[in-house]
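Undergrad: Dumping the structure here so I can ask a few things about it.
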Amino acid sequence: MLTKRQNLLETIRGGNPDRFVNQFEPFAMIRQTPVTANNPKPVKGGPNVVNNWGITLQFPENTPGSFPVHDEAHIVIKDIARWQEYVHAPRMDYTENDWAPYIAAAEQIDRNDRFLTLSVSPGIFEQCHNLMKMENCLISFYEYPDEMHGLIDYIAEWELEYARQACAWLKPDALFHHDDWGSMISSFMSPDMFREFMVPAYQKVYGYYRDHGVEIIVHHSDSYAANLVPAMIEIGIDIWQGCATTNQVPELIRQYGGQISFMGNIDNGVVDRADWSRETIEREVRRACETCGRHYFIPNTIMGGPASTYPGVYEAVTETIDMINRESYL
């Protein structure tokens, strides 16, 4: 039987996997680093917090994640033409001693079985609209392109410094990077605009990780983004995690399999509900596996991590994939 790591590589390389990869099982996630440990985060149902970028975050009950408060009193960038006055990146002057406990935790992971995976969020686009509100951000791509290029470069340089330290001290095998690029029915930007603003920044960031020992790059966007897949390939993404059913994932596999793999095709809006049932989960998991096949595809809910909004959903999906693997491979 292949290890979880081996089975993933066989799956995304069109080899001989001996079972479906079961959601996030090949990835040993490292979410805590000196950078994240010193960045305040809201607790679900708890009070709002202000993070190190000055963004006020809220995390209501029964939602999959936190989101900024964007009223006039709390928005960070009040005028994109003067963004430098408002945006101040968090400190990044951490030392080996600061990283020591996280290095020790990483050393406990069996890298023969799983990929030591650095988890990074939010991404570059999300950081832009977190700072300035979604509609202001999208309008600014048209009306203030030079300022948006400057802001994106600033955020990307901060991410590059994070990459330098993480690669130096943790030496991750994989990267799991968040950045939502669309709604369920459309990308937020046209492919041409995405190439102009996002591709150069991501080529720098993902290129650095690749050049410094990261074997697998997984990008999360729980959305429609089928029109951006050619750009994802240019950027160097190995696995697009979060691909919703609206992307017609089986067709994407036929068109792009071998250049990029797809992880998702089980919509949280269908299975991750207050009234969730094992019958619905089994139906959706079987549909995903049967229509997508075993190459270049990983069955997974589209949420950005091994969790669910409602307790028990992620575990039930995992158990269903295990059942299908026993039926199909054993």
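Undergrad: What does the charge dipole of segment 90-223 about its Cα centre add up to, to the nearest 20 debye, if the Cβ of each Lys and Arg holds +1 and the Cβ of each Asp and Glu holds -1?
TA: With only Lys, Arg, Asp and Glu charged at Cβ, the dipole is about 240 debye.
Undergrad: Which whole-number percentage describes the relative contact order of segment 236-328, with Cα contacts under 8 Å and a sequence gap of 6 or more?
TA: The value is 32 percent.
Undergrad: Right, something else. Relative contact order for the chain: what is it in percent, counting Cα pairs under 8 Å that are at least 6 residues apart?
TA: Averaging sequence separation for qualifying contacts and normalising by length gives 18 percent for the chain.
Undergrad: Moving to a separate point now. As I understand it, the value is the acute angle between the Cα axis of helix 134-143 and the longest principal axis of the Cα atoms of the chain; what does it come to in degrees, rounded to 10?
TA: Once rounded, one gets 70 degrees.
Undergrad: Quick one: accessible surface of T318, probe radius 1.4 Å, all protein chains present, in square angstrom to the nearest 10.
TA: 40 Å²
Undergrad: Follow-up question, since we're still on this one. Angle between the Cα long axis of helix 145-169 and the longest principal axis of the chain, 0 to 90 degrees, nearest 10?
TA: 60 degrees
Undergrad: For R278 and I233, what does the FRET efficiency come to when R0 = 35 Å and r is the distance between their Cβ atoms, rounded to the nearest 0.05?
TA: 0.45
Undergrad: Then there's this: Report, to the nearest 10°, how far helix 96-106 tilts away from the longest principal axis of the Cα atoms in the chain, using its own Cα long axis and a range of 0 to 90°.
TA: Value to nearest ten degrees: 20.
Undergrad: Quick one: work out the % antiparallel among DSSP beta bridges in the chain, nearest 5.
TA: 15 percent
Undergrad: Need one word for segment 285-329: rounded, prolate or oblate. Basis is the Cα gyration tensor (sqrt eigenvalues a ≥ b ≥ c); a/c below 1.5 gives rounded, then a/b vs b/c decides.
TA: Oblate, since a/c reaches 1.5 and b/c is not below a/b.
Undergrad: Pull out a ≥ b ≥ c, the square roots of the eigenvalues of the alpha-carbon gyration tensor of segment 130-249, then state rounded if a/c is under 1.5, prolate if not and a/b is larger than b/c, and oblate in the remaining case.
TA: oblate
Undergrad: Moving on to the next point. Could you tell me the largest-minus-smallest coordinate of the C-alpha atoms of segment 254-311 on each of the three principal axes, in descending order and whole angstroms?
TA: Computed over segment 254-311, the largest-to-smallest principal extents equal 37, 21, 14 Å.
Undergrad: Once the convex hull of the alpha carbons of the chain is built, what does its volume come to per residue, in cubic angstrom?
TA: Each residue corresponds to 129 Å³ of Cα convex hull volume.
Undergrad: I've got another one for you. Per the Kirkwood definition applied to all pairs of different Cα atoms, how many angstroms is the hydrodynamic radius of segment 1-119?
TA: By the Kirkwood definition, the hydrodynamic radius is 17.8 Å.
The values are calculated or read from the model by the stated rules, or taken from the named source; none is laboratory data. Keep in mind that what you see is a predicted model, and the values were worked out from it rather than measured. Glycine also receives a Cβ, built like all others from the backbone with ideal geometry; neighbour counts cover every protein chain displayed. Just so you know, the surface numbers come from the protein's heavy atoms only, side chains and all, with ligands and any DNA or RNA stripped out. Shrake-Rupley method; radii C 1.70, N 1.55, O 1.52, S 1.80 Å.
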